[in-house]
Amino acid sequence: MSSPTPSQSDTVTTASTASNSSDSEMENANGPNTRCSICQETYTIPKVLSCFHTFCQPCLEKLQEVADKISCPECHQDTFLGGQGLTGLLPDYAVSNLLETNALDTSALHCTGCKSKETNAVARCFDCANFLCANCVMAHQFMHCFEGHRVASLSEIQGNKDENGSGKSEKPIYCPRHKTDVLKFFCKTCVQPICKECTVFDHGRGHDCSFIMDIGEKQMDVLQRMEEDAKNKVNELRVSAKGIEHISSRLQVQYHKAQNDINDTYNFYRAMLEERKQESLKELDQVFNTKQVAISSLAQKIQENVDRLFQGCEFVDKVVKYASITEALMFKNLVEQRFQNMFNFCPDINNQMYFDIEFVSNFQAITTGVRNTFGYIREAEDIIPPVQKPPPIARPNGVITTSSSSTSSSPPLTNGHSGIFETPMLSKDFGGSQNSLIFPPADTNMYEKWSNGMDIFQNGIDVFSTSADPLFDISSKLNLTSLYPPKSQLKRQKMIYHCKFGEFGVMEGQFTEPSGVAVNAQNDIIVADTNNHRIQIFDKEGRFKFQFGECGKRDGQLLYPNRVAVVKASGDIIVTERSPTHQIQIYNQYGQFVRKFGANILQHPRGVTVDNKGRIVIVECKVMRVIIFDQFGNVIHKFGCSKHLEFPNGVVVNDKEEIFISDNRAHCVKVFNYQGVFLRQIGGEGITNYPIGVGINSAGEILVADNHNNFNLTIFTQDGQLINALESKVKHAQCFDVSLMDDGSVVLASKDYRLYIYRYPSIRCHEYSAGMSVFDSLFRNLILTSQFVKGWGQPSHLKRLLDLRKVLSVRDAAYTLVDKNHQVDILHEKVEGNVRVLEGEFHSPWDKIIPGVMPSVVKKSRFQMIIPNRWQGPSRPVCIHHGGTGDHGYLIRRRLMAEPLLNDHGIGSIIIESPFYGSRKPKDQFRSSLQNVSDLIVMGGALMFETVVLLHWCEEEGWGPFCLTGISMGGFMSSLAATIWPKPIGLVPCLAGVTASPVYTRGILTKAVRWDVLKNSYYEDKEYEHEIRKKLDSPEKRTGRFSKDYSIQDYHSDVERALQRIREAGSQVDGIGTAIRQLRTVNDWKAKSFSPTSNNLSLLKNDKSQQLKSLDAEIMDFMFEMMDEFTHLGNYSVPVDTSMILSVVAEEDAYVPRDNVIRLQDLWPGSKVKVIPGGHVLSIVNNRQLFSPRDLQGRALTPAAKTRDPLQSLGLSETE
């Protein structure tokens, strides 16, 4: 076999080449190159990359492929760019100075800025690095593109050269941020030159700043010393390169030695396997011959009985024919006895003992054994630092694997500049853009992976998975009875093990898979050694006592024992077996077989425990069922819990007959009673991630063990209150099971074939107050997206959006902008029973009203509609559902709202896809992370017009009445859409509020906003401050049209001028003229549009919360006013019939804060608001019945909606 390593000659050649390359580079350093290696011309605007290579800026612009980085043409190292792009790169001052010096030495200089090269130069531009003629100097003085460029006459440059004979004159370098200020200071803290303005604002307190003229020489000395150090390092590396040949030779020797060892090991294994094969064949022949003898003996007995029967028949026939009756009766007794004996002979030809012969092989154990005993490739650990994670005993650190999981232990790769490449997180949890961020596709083969010995935890965090009922799916994870602190605030105490025992193997005290562990009354440790098909018992110090069981299906034999439990009173050991037997076996405390049962009842037994009355409680995974047996195998209770469980693995019961089940994929413990009623949930994601087991200690406390990133213990009261949190000081391989001793010690069965005994301290954690935003904050931490990653959006777009927003505030004008006959195309239609499903699309009217603002992929609006195949009665009610944040598909809204509406009330639904989500998501957008603030504005405005298109279409089809609804952001969108519909319409916004301004300035989503990007964008472009901000209308701050000096006539004129600007900007809508005429005829819109100017409007209090102290107050104010401008319902018309509005809000909503914000019933008199307890997330879970269609949208659209009583149409009473 040829060596995969380079030959010695290749290595030596590589080393010498590297040495020669270094020599040439050091020689070139004596004379700087003045020609660009790309264009081969003299440098034009020379720019330095992070790799210290210099190129012309125009050349780099031609090579640039992406906006935020440039790859070096020579070394291919990436240089990341700032907001100014290539212009922001530092110029090569040395090359520029050298070019100036060389040019001044020539007799005649020509202009390098003109196309013509014959004009004489009279000046020099330090920014363009061009010599300029008189015309170019004038252009630099008057053209905006040259603003800030530094131009000096040649006479001035020549004078400076004469004064400084070396040619290194100190030219003024201007601050890149404060364009008119010269860099005169040097910040030692930030290691960069700064101007006087910078010393005041950006480099003030805590920064060590000095004049450049005072410390310049010292800093230059530092650079020169650094250069000397680099040269010395070059010499060291050259010496090291000479040793490459010796290293390569040693590598070759070690490689061939290891190769021979592998072949020898393989031959030894083959010989052993051949020997075992012959032994097994010999055993098989012996068993076969024995059974053949048994079969022959059975055949002989059958033939003997046949002969005897024939003989008896002949005798009876002879007696009957030739003897008298009396003579014949003399033989009757003898004949009966003889025949009866022969009749009782019934050969059991179906007995398996005659033919049951098979070779039982454990391929999983063989695979594990070969991998762990064949050997491994050891290498020096200082070459590739291994991840600090203890591997299996037979696999020491440094193992190199080729499986996909090896990426987790690979070292970080640097790009040679400043960043670190990271592996993608949540590789499967969020899926593509077509899948919901909250409910991605489920992995239906999870149990098969487990039962086949595969790792079910290797895919990272699995946030949620799709189930038949998404609300049950989310409630199974979030329905906590108490709120827990975020993981970042949860301080875990350290604990260490005081005993460990076990190793890989098949001998006593060795394991191949210690899947289950239990502790008896004497604190003996009972271990289910699954792949060795046995149970091993150890004392509390880990000393081996005895074992029982062997591979097989007969009494006293075990086949893949999985989990164990102990009957405390008698010491009996309960063992569950996984596939293929799926049964329970009971042994006494000495390992003697007692009984087995459940093979015809159980399907996938997982966790097992015994209550204080000796009843055996089994929890099954995959089928999600709990079965309670008595000691004799009789079923006492059983119930299914698939709506609450996802992957149960551990179970324990208390004295109140409450069953505590640890759910690995739901990251918590679920509690049921013996009748199957779900009681509560303990723990949650971020606190008890991927639990492996649950127990109750002597104090009655619940211990939840998990193995997420470490071995963690989290202790709760039985009501779910957090008591303590601990973690091991050492990392563990993935773990199987845990059990508790009487003294509180925890026995851990680990995948590294060892068992560990931990003791934990009884000190309790600090008490955590259940603030209103604690769980909302915890839930937010699961979502990895950030918002507004590119800034506010283009100022020109925002100005156009402001004009359109003013028009939207007047319903009669905005409504006319949408064509009633707007084309809607149905792409797919199918009938499923009594359900008719349609999928359609249409071009968003937004793109015609304000073209150029919406990305092309967003322009197509798509929807799914489900309606009855046959309507019952003349009414054909339809509800339009708007999507919340992260809702990229139709599934959630269809399962949660649309299907119950159809099944319970015969109400149709339209599920509209939000812009920037699902199939309308731009390719460069990361998940739900909107790139600009303007994207959120476009989303809301587009949905307003698209909703009107769908309502027109439904009216044309003869459907109605209508209702709009949505949860969270979807509720905002529904409320906005209702303001421009000129007819009564039902509206049920849930958890939405009145404005989005507190959402992004005081709520949990403040943490998701890229404030650093918004701040830089705001200060770099003065249009945001000087033009856009002055046009904003904030009802909560009484700015814009809400100021006391602003009249209705003024606003009327503003709206008309906005319509004119929309027309001049290229709007393709024919209804603008109609909108202007309609606007002039409106006389009663003041009461509807300006109702929030009453004294009920409250000013926003200065928020001094800790999380906002670090944010720029001006940026926060601008965000507040921007959100108020575009989302505050006070900026829009009041819906026609406010009595048909019911808003549901959460009392402790941390996403949509309600304090210091006008109430909806004050803004829209006649509307109803229902306040429910809990935060933004938990209120949905804990009040599911309130969000049921029969309580909200359903009753709004039932035949009762035809009545004049709006409360009755919404299903509400007067007291609500």
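Read the figures in this text as sums done on the coordinates, not as results from a lab. Computed from a predicted structure; not experimentally measured. With ideal geometry, Cβ positions are generated from the backbone for all residues, glycine too; neighbour counts draw on all protein chains shown.
Summarising the amide proton neighbourhood of residue 659: residues at separation of 5 or more, or on other chains, whose placed amide H is nearer than 5 Å comprise 672, 673.
Net length available on complete extension from residue 238 to residue 544 is 104.3 nm, with 0.36 nm assigned per residue and the Cα-Cα distance removed. Would you mind checking the pairs 806/860; 47/69; 596/622 and listing those with alpha carbons more than 19 angstrom apart? Over 19 Å apart, Cα to Cα: 806/860; 596/622.
Within segment 245-359, the percentage of alpha carbon pairs spaced more than 16 angstrom apart rounds to 77%.
Each residue of segment 560-567 is assigned a 3J(HN,Hα), and the resulting list reads 6, x, 10, 10, 9, 8, 10, 7 Hz, derived from the Karplus form 6.51 cos²θ - 1.76 cosθ + 1.60 (θ = phi - 60°), x at Gly and Pro. Segment 176-223 and segment 674-736 have Cα centres lying 55 Å from one another. Over 26 Å between Cα atoms: which of 115/790; 491/790; 62/115 fall into that group? In this structure, 115/790; 491/790 exceed 26 Å between Cα atoms. If you take the beta carbon distance between residue 196 and residue 150 as r and set R0 to 22 Å, what does 1/(1 + (r/R0)^6) give as a FRET efficiency, to the nearest 0.05? The value I calculate is 0.80. Given their separation in residues at 0.36 nm each and the Cα-Cα distance between them, residue 138 and residue 342 gain 60.4 nm when the chain is fully extended.
So, R0 is 60 Å and r is the distance between the beta-carbons of residue 223 and residue 281; what FRET efficiency does that work out to, to 0.05? Walk me through the numbers before you get to the answer.
Details: r = 80 Å, r/R0 = 1.33.
Taking R0 as 60 Å, the efficiency between residue 223 and residue 281 is 0.15.
The residues neighbouring residue 861, those whose beta-carbon lies less than 13 Å from its own, together hold a net charge of -1 under the Lys/Arg +1, Asp/Glu -1 convention.
Once the convex hull of all Cα atoms in segment 487-770 is built, its volume per residue stands at 115 Å³. With R₀ fixed at 30 Å, the C-beta to C-beta distance from residue 361 to residue 293 puts the FRET efficiency at about 0.70. Spacing of the modelled spin labels on residue 1057 and residue 370, each 7 Å from Cα toward Cβ, amounts to 8.3 nm.
Pairs of lysine residues in segment 245-359 that meet both criteria, 8 or more places apart or on different chains and Cα atoms under 27 Å apart, total 7. Given their separation in residues at 0.36 nm each and the Cα-Cα distance between them, residue 491 and residue 354 gain 42.8 nm when the chain is fully extended. I'd like the distance between the alpha-carbon centres of segment 628-668 and segment 1147-1171, rounded to an integer number of Å. Each part reduced to its Cα centre gives a spacing of 42 Å.
Other residues with beta-carbon under 9 Å from the beta-carbon of residue 679 carry, at +1 per Lys or Arg and -1 per Asp or Glu, a net charge of +1. A cut-off of 5 Å between modelled amide H atoms, ignoring neighbours fewer than 5 places along the same chain, links residue 650 with 662. In loop segments of segment 45-150 as defined by DSSP, the chymotrypsin sites (Phe, Trp or Tyr not before Pro) with at most 10 further C-beta atoms inside 10 Å of their C-beta are 52.
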